[in-house]
Amino acid sequence: MIQLKELSIGYQREILHAENMILEVGNVYALVGRNGIGKSTFIQTMAGLQKKLAGEITFNGQSISGMNTKEIAETISLVDTRFEGVEYLKVKDYLALGRAPYTDLFGRLDPADWQIIQDVACDLSIEHLLEKFSNEISDGERQLCAVGRAFVQETPVILLDEPTAFLDYINRKKLLELLLRLAREKSKCIVLSSHDLELCLDQSIPLLLAAQGKISLHVSLSKEEIIQAMS
């Protein structure tokens, strides 16, 4: 469970404020709002990469700000907007980066680590990509690999910053359905920023609405109500 307590985010000044809010494991939450409102800053703050201005973020009662780097890496994984791929980096080795918080100083993986990678690849139906170079597969396949790396990291919280931005409609729908299923089956709390308002509403995904300088949790707003709140 993630709890936000009077959270203020921004840089020199506040750009968004979230009052008391609880996000449960087993759920996907869609962060929606106009461009430039501060969605990426919210994601970065949740991940511990951007300092909050005030308030608190806790996971199961423990303050994120009180965690060290290893503890954060074992609690939260982050998927950026786009993974471009790296020349000569195979997909299996990219997924293996998710095991970094659990390996020794030399980054050695044991058979159990490789089994986790194989299991995640099976869950995401990307086994056929494991031996391919990450810069030679499609945008949609790379996004699935980026999501896969987060699941290989085995964190209870997964944050995704516009993961469907470069995908076509069919792949956006498939990725969203996949995240919903894995959140339930793997007991994850997933927060993704998205412009796919209709897709999120079709799947009855709870919304974190960023508008008028605030973030608020909604489970039953209509499309018209959301657009009006953002205008």
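Nothing in this text is a laboratory measurement; each read-out follows from the coordinates by a stated rule. Not measured: the values here are computed from a predicted model. Methodologically, a virtual Cβ is constructed for each residue, glycine included, from the backbone with ideal geometry; neighbour enumeration extends over all protein chains shown.
Note down the magnitude of the dipole of the chain about its Cα centre, charges +1 on Lys and Arg C-beta and -1 on Asp and Glu C-beta and zero elsewhere, to the nearest 20 debye. Kindly include the intermediate steps, with their values, before the conclusion.
Numbers: 24 positive and 32 negative charges, 88 e Å.
The calculation lands at about 420 debye.
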Gain upon complete extension [Ala100, Arg184; 0.36 nm per residue less C-alpha separation]: 27.8 nm
C-alpha long axis of helix 169-186 to longest principal axis of the chain, angle in °: 90
Sorted peptide list for 191-199, 62-70, 125-133, criterion being average Cβ within 10 angstrom, highest first: 191-199, 125-133, 62-70
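Counting other Cβ atoms within 10 Å, keep those with at most 14, restrict to DSSP loop, and tell me which trypsin sites (Lys or Arg not before Pro) in the range 1-66 are left.
Details: sites: Lys5, Arg13, Arg34, Lys39, Lys51, Lys52; in loops: Arg13, Arg34, Lys51, Lys52.
Loop-located and lightly packed - Arg13, Arg34, Lys51.
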Per residue, the convex hull volume that the Cα atoms of the chain enclose (Å³): 127
Qualifying lysines (Cα of each under 23 Å from Cα of Lys188; at least 8 residues distant if same chain): Lys5, Lys39, Lys70, Lys92, Lys173, Lys174
C-alpha long axis of helix 139-152 to longest principal axis of the chain, angle in °: 90
